[in-house]
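**Student:** Pasting a structure below so you can have a look.
The values are calculated or read from the model by the stated rules, or taken from the named source; none is laboratory data. Note that this is a predicted model, so its numbers are computed, not measured. With ideal geometry, Cβ positions are generated from the backbone for all residues, glycine too; neighbour counts draw on all protein chains shown. Surface accessibility is based on the protein's heavy atoms, side chains included, excluding ligands, DNA and RNA. Shrake-Rupley method; radii C 1.70, N 1.55, O 1.52, S 1.80 Å.
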Amino acid sequence: MAKDFLRAEITRQLVPLLSDAGFTRTQPKVFLRRHGDLVHVLSFAGSWSGGQTFTLSFAAALLCDPFFQLHSLKVGHAHQRGPEEPCVPWEGRTEASAAAAIASAAGVVRDAALPWLDGVRDLRGYVFAYLANPDNGIGDLALAVAMARAGEHNRPWWICERLAPRVPDGSDYEKARRERALELQAALERGTVQGLLDHWRDQALAGAKLGELPDRG
């Protein structure tokens, strides 16, 4: 079996840096850090074509989102190279190339990923980062959930209201989203929304097996 040079260099160069920053290595190339309802994810993914190149992704995932996805870039970024010139290829075909690639990626972690993630430690930071992504809509359920969790009422209620009409030919996801929107809207009206969001958070923690991940507050 061929040696995974990238994995070895991640261990050597990045584990100390990310451990100091409060991250837990949950998989060989995945690091997580929890702050209440948010999970910070920093991961390395190989090329879809099976090559030795890789992408560094960092993001914040919202635990109380009923459609929680740990590896989503809805609030996050992905990098495939560092800023230095000449470009250092992010690939690990050899021990030397992997060492150079992870050294370059470590610079992105220090200068871009960690500072960005430090700005998304609370729900207000999450909402700002969510809205800053032009691919996200302002009428999405995830935004309503985040704002409701932060104590807002009117905007989340109206987002749910816009998601409430039946879509006869809607996909299974659209139908499930409508159901969760109606559930959230009803909880907002009854004053029980935090309990509902606790329930969705606990479902996400159990489903992703994150119950043992330390909460950094």
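**Student:** Would you mention how many residues in segment 171-204 are touching a residue at least 40 places away in the same chain (Cβ under 8 Å) and either at positive phi or buried (at least 18 other Cβ atoms within 10 Å of the Cβ) (or both)?
**Tutor:** 10
**Student:** Give me the residue from segment 153-179 that is part of a loop (DSSP other than H, G, I, E, B) and modelled with pLDDT under 95 and, out of that set, nearest to LEU70 (Cα to Cα).
**Tutor:** Filtering segment 153-179 for residues part of a loop (DSSP other than H, G, I, E, B) gives 153, 164-171.
Now narrow it down to the ones that are modelled with pLDDT under 95: 164-171.
Numbers: ALA164: 26, PRO165: 29, ARG166: 28, VAL167: 28, PRO168: 30, ASP169: 29, GLY170: 25, SER171: 22 Å.
For segment 153-179, the residue satisfying everything is SER171.
**Student:** Among the residues of segment 1-26, which ones are open to solvent by 60 Å² or more (accessible area, probe 1.4 Å) and at pLDDT 95 or above?
**Tutor:** The initial filter retains those residues of segment 1-26 that are open to solvent by 60 Å² or more (accessible area, probe 1.4 Å), namely 1-4, 7, 11-12, 16, 19-20, 25-26.
Across segment 1-26, the qualifying residues are THR11, ARG12, PRO16, SER19, ASP20, ARG25, THR26.
**Student:** Let me ask another. Could you give every pair whose Cβ atoms fall below 6 Å, whose first residue belongs to segment 32-51 and is closer than 30 Å to ASP198 by Cα, and whose second residue is among the small types (Gly, Ala, Ser) and modelled with pLDDT under 80, counting only separations of at least 6 or pairs across chains?
**Tutor:** Pairs that qualify, where the first residue is closer than 30 Å to ASP198 by Cα and the partner is among the small types (Gly, Ala, Ser) and modelled with pLDDT under 80: there are none.
**Student:** Could you check, for segment 180-187, whether at least one of its residues is modelled with pLDDT under 95 and not in a loop (DSSP other than H, G, I, E, B)? Write out each step before concluding.
**Tutor:** So in segment 180-187, the residues modelled with pLDDT under 95 come out as none.
Taking every residue of segment 180-187 in turn, none turns out to be modelled with pLDDT under 95 and not in a loop (DSSP other than H, G, I, E, B).
**Student:** Within segment 200-209, can one find any residue that is in a helix (DSSP H, G or I) and in contact with a strand residue (DSSP E or B) (Cβ under 8 Å, 6 or more places away or on another chain)? Write out each step before concluding.
**Tutor:** Here is the first cut: in segment 200-209, the residues in a helix (DSSP H, G or I) are 200-207.
Now narrow it down to the ones that are in contact with a strand residue (DSSP E or B) (Cβ under 8 Å, 6 or more places away or on another chain): none.
No, that holds for no residue.
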